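The values are calculated or read from the model by the stated rules, or taken from the named source; none is laboratory data. Everything quoted here is computed from the prediction, not taken from an experiment. No Cβ is skipped: glycine too gets one built from the backbone with ideal geometry, and neighbour counts run over all protein chains shown. Ligands, DNA and RNA are excluded from the accessible area calculation, which covers all protein heavy atoms including side chains. Shrake-Rupley method; radii C 1.70, N 1.55, O 1.52, S 1.80 Å.
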Amino acid sequence: MENKKTPATPKDVFGGGGKSEEGKKPEEGAMLKALLAQEEIDSLENPQPQPLRILGESSPNTHTYRLYSKGLVSEEIVKDVTKLVGGSGLFLCDSNGNSSATNKVLRDHRVLAQPEAVELAAIIQGLDWALKHGVKSIQFFCEDDSIILDYVIGKAAPPNESIVVAKLLKQLALLQTSFTSCQALPLLRSDDINSSLIKLARDAIASQTTWQREDGVVVEACVICYEDVPADTKFTVSGCFHRICFECMRNYITHSLRHRSRLICPNTGCKSELKPADCNRIADPDQLALMVERKAEETIDVSDRVYSPNPRCSILMSARGLPVVDPALTGARKCLGCGLRFCVNCKMEWHTKLSCAEFRKTKAYTKSGTAVFDATARELGLKKCRRCLCTVERAEGCKHMTCTFCKYDRDLPLGYCPKPSCNFLMSDRDLPLGFSIDPRQKSVARTCVECGLCFCKKCHVPWHYKKTCDEFKKSPSYLTSDAALFESLVKTQGWIKCPQCATVVQKNGGCQRISCRHCNHKFCYACGAACTRKKMSCNCSPEDGPSKMSSSSGESHKTRLLRA
């Protein structure tokens, strides 16, 4: 009689009795059962899980299903205790467009402590869920920019210290044998699917953070103010589905609008944007109108933003979309709101037959509110942002300024003045040309806007007249300078420069994937190749590189920014 191989069952996957095909002992199976013992919960919007629609019409054996999963972990406060709470969102569909969705909770703290383990546990829950529905052929998807897919297909192995991840991979491989066909594929970015999965996972997390008080009211702790508030008075941020109490959200919106801060989810580390349409219950009409106006500002490039000079209008417009009054009148535009003709160059009412410089000398300009404001700003020492021309006042601190309106100096490659007594922080692309500079070198000759020093943008030293950078670096004046000594120190210590902003970076520990703290550019410390959001794009070994420094186990990479 022929011996047949018995496929693994869900009981084997989650740790049943006896010895499995992988040679697991009963004790290990019991431990994995405790590790992955989960509880399926109903969605907050759907009291009962949706059954697969095609099961009543045809056998699931005739279809190849697609499984999408998402595991999330959040630090929540439950009855005055801060702990990690996890959940997974699952989405199963076939080639005919029929689908079913559900969510499950993740409770084991060993799984919740590792993001990779959370994603693997979500995949295992999804495959087990599909197996219970009788599915035999399935494709499950992993994010293309994560390491999970490499683990599953055997292209990479988890670190030795990731014991939980290794055990989950064994369980996943065993579970795959229960299907006649089970294939892991990369998931191309899909906002609709990802948003639905995140919401399902957030619903699973929310189900674990609510409890009933003695008066019968179901309450939930707010992660911002740490107060227990009724669960129906929580605002859900669309996109990330974090839940914040109404009072905290009102205070956050008021503060953000007053300081012109970006309106994103107030939860720590979250970057999901707040949508004005979702804030009707927590914001007044004036705040909603201002939120819509700020959203419109973000859609227009800073260099194209134009406001009507009419004080009674002052609407925001794009310079590229303004109607031209007369092709013969250079710079003449017409306001889309009030119809006022103005000059798009100096942002003043149209000055017929006069250039902008000539108009600034007339009495009409000197008596205008703009001229009075500019004169007052100069007396008070205020300066204009060179990117959006808005007036900026420095209250305190260093000379590194960030414009409140356009965030200038935050999202552009920056450079410092080479003069030690100045060291002013500037944007290389906006530095003015130096005076009396050789026209052949005007592409690299710049003048500091603070101290007026003329310097070379390429080699970052005081201007070397009638000499190229290579010729100047061979001269005695350079070889004895601080810049030359610093470059020699960089080579001796094995430090490297960021490929994007040329800032010297020293690795203190961790892997070769470096994130420059100066410009946030991510690259390989060994070869300088750019890296994606979650993994390296080159084939360098994790131990290769100019600087092999020891680091403690699990320590994330650290960098130090150095400049002369």
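Here region 65-204 yields Rg over Rh of 0.96, to two decimals, using C-alpha coordinates and the Kirkwood radius. Between Lys497 and Arg110, the modelled labels are 5.0 nm apart [label points 7 Å from Cα along Cα→Cβ].
Among the trypsin sites (Lys or Arg not before Pro) in region 194-233, those placed in a DSSP loop whose Cβ has at most 14 other Cβ atoms within 10 Å are Arg213.
Per residue, how large is the accessible surface of region 302-392? Use a 1.4 angstrom probe and give square angstrom. Don't skip to the answer; put the middle values down first.
Values: 5920 Å² over 91 residues.
Result: 65 Å² of accessible area for each residue.
Could you work out how far the C-alpha centroid of region 451-499 sits from that of region 181-238, in angstrom? Each part reduced to its Cα centre gives a spacing of 55 Å.
Relative contact order, whole percent, for region 297-360 stands at 23, derived from Cα pairs under 8 Å and 6 or more residues apart. The share of accessible area on region 259-345 that comes from carbon and sulfur is 50 percent, using a 1.4 angstrom probe. Normalised per residue, the accessible area of region 213-299 is 55 Å², obtained with a 1.4 Å probe and no contribution from ligands, DNA or RNA. What whole-number distance in Å separates the alpha-carbon centres of region 350-383 and region 301-349? Cα centroid to Cα centroid, the span is 17 Å. For region 65-204, lysine pairs separated by 8 or more sequence positions, or belonging to different chains, with Cα-Cα distances below 27 Å total 27. Across region 69-83, computed HN-Hα scalar couplings (Karplus, 6.51 cos²θ - 1.76 cosθ + 1.60, θ = phi - 60°) run 9, 8, x, 10, 10, 9, 8, 10, 10, 10, 6, 6, 10, 8, 8 Hz from first to last residue, x flagging Gly and Pro.
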